[in-house]
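J.: Handing you this structure, nothing more for now.
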Amino acid sequence: MGKYFGTDGFRGEANVALTAEKAFRVGRFLGWYYGQQHPGKRADIAIGKDTRRSSYMLEYALTAGLVSSGADVYLLHVTTTPSVSYVVRTDGFDCGIMISASHNPYYDNGIKIMRANGQKIEPEIEAKIEAYIDGELGDIPCSVREDIGRTIDYSQGRNRYIGYLMTIPSRAFKNRKVGLDCANGASSNIAKSVFEALGADVTVINNDPDGLNINENCGSTHIGAIQQLVREKKLDIGFAYDGDADRCLCVDENGDVIDGDAIMYICGKYMKEQGVLSENTVVTTVMSNLGLYKAFEREGIAYKQTPVGDKYVAEEMINNGYDIGGEQSGHIIFGKYSTTGDGILTSIMVMQCMIEKKRPISELARELEIYPQVLKNIRVTDKKAAQDDADVKAAVKKAADELGSNGRILVRESGTEPLVRVMVEATTTELCEKYTDSVIAVIKEKGYEV
């Protein structure tokens, strides 16, 4: 991770860590950089944004930087991260930018940059952007006269993405009662249209964004809202998205949560049965539950593990031709249809499994036995120093040795916050608590806690 860019782009509090000036410089560099790749041709760059109040400020700052460096900017307006990825790779853009801090509170924001294939940009380009922001690369010439770029309304790109989603399922969702929690975010003007067009009886909540209520007690990080809706309305299934709709969690007809691991199991097993699971493999991150791996082994499905971050999952999938991968948090990638996590696409694929197998989603998920898991965060002064401390490492090893094959411990740093995350899986919650607390106690004793 760099000075500004983490595992999911440049993220921080708007006008504190992520200022309009920095966004302008990001735009200046990208407009110049992609213009250099095709001499004599303008760089074409698409921008989308979520519903945060600061997204407008950052959109204008980025656009000013881009056009002053000679790029043409195509504005998708309020839309989802996966829609930007789709438009970039299908319409021949040099680059795509999504303005969003995903599941974070409204006062945070972020800049996610995508290359021409719809994946996140390479780390070496992020490093160059950081160097330019800090004045280490010198001046970039401004375009003048006819070389100055322009902005183009490109809402048609978002509309084409909506149409694309509607073509994916092979069966209609007729007579299925579906709940959607749009997190007052980017899916608010997309998800309902897709599900209604596919024939579902749709009930939507948290689809009235005001710039300040994105992710506020709603969406995939506050799953209680969709649980309550499904139970009260007696719906067949519910889906909750995050602010930019690149992740999705599911709720069954009883209101019980179906997380990303369960979604990968249900869809991976279905794809194997249909003969379309490439290389018979599902890609996960190291945070996936031990129970998922045991279930895959029972079903004869292979799996690969990557570091935490959907970009690592995407790289593993593309490099090896795998069809499905994702994270426990609900970032699921279906390689046949997308190169990035897509919450609405994920919900469509779950619906497809449920309808084709003629079973409620609760029954499909019941085949997966999830091990108790406890994840605790500790805010620290130095993430790397805390993890590399010899006493902390010794505490982690002791816990791992005692857990043996019936559990595991994972200690890692957050990609976006000054946190160390300690996760333990075991046969009981009490054991999970015991071993997470034992490691956190050592981190505190060594003086790393803020």
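Condition check ((1) within 30 Å of Gly199 (Cβ to Cβ); (2) surrounded by 22 or more Cβ atoms within 10 Å (Cβ to Cβ); (3) not aromatic (Phe, Trp, Tyr)) across all residues:
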{"position": "Gly330", "(1), (2), (3)": "yes, yes, yes"}
{"position": "Gly335", "(1), (2), (3)": "yes, no, yes"}
{"position": "Gly341", "(1), (2), (3)": "yes, yes, yes"}
{"position": "Ile355", "(1), (2), (3)": "yes, no, yes"}
{"position": "Leu375", "(1), (2), (3)": "no, no, yes"}
{"position": "Thr381", "(1), (2), (3)": "no, no, yes"}
{"position": "Val422", "(1), (2), (3)": "no, yes, yes"}
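J.: Would you say Ala172 is of a type in the set (A, V, I, L, M, F, W, C), loosely packed, with under 14 Cβ neighbours inside 10 Å and part of a loop (DSSP other than H, G, I, E, B)?
T.: Working: of a type in the set (A, V, I, L, M, F, W, C): yes; loosely packed, with under 14 Cβ neighbours inside 10 Å: yes; part of a loop (DSSP other than H, G, I, E, B): yes.
Taking the combined requirement at face value, the residue satisfies it.
J.: Could you look through the range 109-119, keep only residues that are surrounded by fewer than 24 Cβ atoms within 10 Å (Cβ to Cβ) and not polar (S, T, N, Q), and pick out the one that is nearest to Tyr86 (Cα to Cα)? Even if it seems obvious, please write down each step before you answer.
T.: Step one: of the range 109-119, the residues surrounded by fewer than 24 Cβ atoms within 10 Å (Cβ to Cβ) are 113, 115-119.
With not polar (S, T, N, Q) added as a condition, the list becomes 113, 115-116, 118.
Working: Ile113: 13, Arg115: 11, Ala116: 10, Gly118: 6 Å.
For the range 109-119, the residue satisfying everything is Gly118.
J.: Also: Being of a type in the set (Asp, Glu) and in contact with a helix residue (DSSP H, G or I) (Cβ under 6 Å, 6 or more places away or on another chain) narrows it down to one of Asp236, Asp244, so name that one. Quick ask: steps written out before the conclusion?
T.: On the way: Asp236 fails: in contact with a helix residue (DSSP H, G or I) (Cβ under 6 Å, 6 or more places away or on another chain).
Checking each option against the conditions leaves just Asp244.
J.: Just checking, does the range 123-141 include any residue being buried (at least 17 other Cβ atoms within 10 Å of the Cβ) and among the small types (Gly, Ala, Ser)?
T.: Checking the range 123-141: not a single residue is buried (at least 17 other Cβ atoms within 10 Å of the Cβ) and among the small types (Gly, Ala, Ser).
J.: Only one of (1) buried (at least 18 other Cβ atoms within 10 Å of the Cβ); (2) part of a strand (DSSP E or B) fails for Glu316. Which number is that?
T.: (2)
This table checks each residue for (1) closer than 20 Å to Arg11 by Cα; (2) part of a loop (DSSP other than H, G, I, E, B); (3) out of contact with any Phe, Trp or Tyr (no Cβ under 6 Å at 6 or more places or on another chain).
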residue: Gly48; (1), (2), (3): yes, no, yes
residue: Ala61; (1), (2), (3): yes, no, no
residue: Leu66; (1), (2), (3): yes, no, yes
residue: Tyr74; (1), (2), (3): no, no, no
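J.: Next question. Name every residue in the range 318-331 that is closer than 15 Å to Leu277 by Cα and either within 11 Å of the chain's Cα centre (by Cα) or not small (Gly, Ala, Ser) (or both), in order of residue number. It would help to see each step written out before you state the result.
T.: The first filter runs over the range 318-331 and keeps only residues closer than 15 Å to Leu277 by Cα, leaving 318, 320-326.
Scanning the range 318-331 gives Ile318, Asn320, Tyr322, Asp323, Ile324, Gly326.
J.: Could I ask something else about it? Counting only residues that are over 21 Å from Asp236 (Cβ atoms) and among the aliphatic types (A, V, I, L, M), how many does the range 191-219 have?
T.: Kept after step one, since they are over 21 Å from Asp236 (Cβ atoms), are these residues of the range 191-219: 208-217.
From what's left, among the aliphatic types (A, V, I, L, M): 212, 214.
Residues flagged as over 21 Å from Asp236 (Cβ atoms) and among the aliphatic types (A, V, I, L, M) within the range 191-219 amount to 2.
J.: Identify all residues within the range 384-412 that are within 30 Å of Glu13 (Cβ to Cβ) and surrounded by 20 or more Cβ atoms within 10 Å (Cβ to Cβ); write none if there are none. Give the steps one after another, and end with the answer.
T.: We begin by selecting, within the range 384-412, every residue within 30 Å of Glu13 (Cβ to Cβ); these are 384-389, 392, 410-412.
Matches in the range 384-412: Ala386, Val392, Val411.
J.: Do we find a residue being over 30 Å from Gln274 (Cα atoms) and touching a residue at least 24 places away in the same chain (Cβ under 8 Å) anywhere in the range 349-372? Give the derivation first.
T.: Here is the first cut: in the range 349-372, the ones over 30 Å from Gln274 (Cα atoms) are 372.
Filter once more, so that each one left must be touching a residue at least 24 places away in the same chain (Cβ under 8 Å): 372.
Looking through the range 349-372, at least one residue is over 30 Å from Gln274 (Cα atoms) and touching a residue at least 24 places away in the same chain (Cβ under 8 Å).
J.: If you go through the range 94-103 one residue at a time, do you hit one that is touching a His at 6+ places or on another chain (Cβ under 8 Å) and either farther than 24 Å from Arg53 by Cα or at pLDDT below 95 (or both)? Even if it seems obvious, please write down each step before you answer.
T.: First, pick out the residues of the range 94-103 that are touching a His at 6+ places or on another chain (Cβ under 8 Å): 94.
Checking which are either farther than 24 Å from Arg53 by Cα or at pLDDT below 95 (or both) leaves us with 94.
Checked against the condition, which is being touching a His at 6+ places or on another chain (Cβ under 8 Å) and either farther than 24 Å from Arg53 by Cα or at pLDDT below 95 (or both), the range 94-103 yields at least one hit.
J.: Please go through the range 30-45 and pick out each residue that is under 25 Å from the mean Cα position of the chain (by Cα) and under 12 Å from Ser68 (Cα atoms).
T.: If the condition is that a residue be under 25 Å from the mean Cα position of the chain (by Cα) and under 12 Å from Ser68 (Cα atoms), then Leu30 is the only one that fits.
J.: Only one residue in Thr428, Thr436 is out of contact with any His (no Cβ under 7 Å at 6 or more places or on another chain), closer than 27 Å to Lys294 by Cα, among the polar types (S, T, N, Q) and surrounded by fewer than 18 Cβ atoms within 10 Å (Cβ to Cβ). Which one? Before the answer, list the steps.
T.: Working: Thr436 fails: surrounded by fewer than 18 Cβ atoms within 10 Å (Cβ to Cβ).
Answer to the check: Thr428.
J.: Tell me, which residue of the range 86-131 that is free of Cβ contacts under 8 Å to residues at least 60 places away in the same chain and among the hydrophobic types (A, V, I, L, M, F, W, C) is nearest to Leu345 (Cα to Cα)?
T.: So the residue we want is Val88.
J.: A further question follows. Could we say that Ala23 is aliphatic (A, V, I, L, M), surrounded by fewer than 17 Cβ atoms within 10 Å (Cβ to Cβ) and either in the same structural domain as Thr306 (by TED's automatic domain parsing) or under 25 Å from the mean Cα position of the chain (by Cα) (or both) here? Spell out the reasoning first.
T.: Working: aliphatic (A, V, I, L, M): yes; surrounded by fewer than 17 Cβ atoms within 10 Å (Cβ to Cβ): no; either in the same structural domain as Thr306 (by TED's automatic domain parsing) or under 25 Å from the mean Cα position of the chain (by Cα) (or both): yes.
Considered against the rule, which asks whether it is aliphatic (A, V, I, L, M), surrounded by fewer than 17 Cβ atoms within 10 Å (Cβ to Cβ) and either in the same structural domain as Thr306 (by TED's automatic domain parsing) or under 25 Å from the mean Cα position of the chain (by Cα) (or both), Ala23 comes out as no.
J.: Right, something else. Only one of these conditions is not met by Ser187: (1) crowded, with 18+ Cβ neighbours inside 10 Å; (2) out of contact with any Gly (no Cβ under 7 Å at 6 or more places or on another chain). Which number is it?
T.: Looking at each condition in turn, Ser187 falls short on (2).
J.: Please return the ranges of helices (runs of 4 or more DSSP H) entirely within the range 206-302 where 1 or more residues are more than 30 Å from Gly404 (Cα to Cα) and free of Cβ contacts under 8 Å to residues at least 12 places away in the same chain.
T.: Working: elements: 224-233, 260-274, 290-299.
Helices (runs of 4 or more DSSP H) meeting the threshold: 224-233, 260-274.
The values are calculated or read from the model by the stated rules, or taken from the named source; none is laboratory data. This structure is a prediction, so every number in the text was calculated from the model and none was measured. No Cβ is skipped: glycine too gets one built from the backbone with ideal geometry, and neighbour counts run over all protein chains shown.
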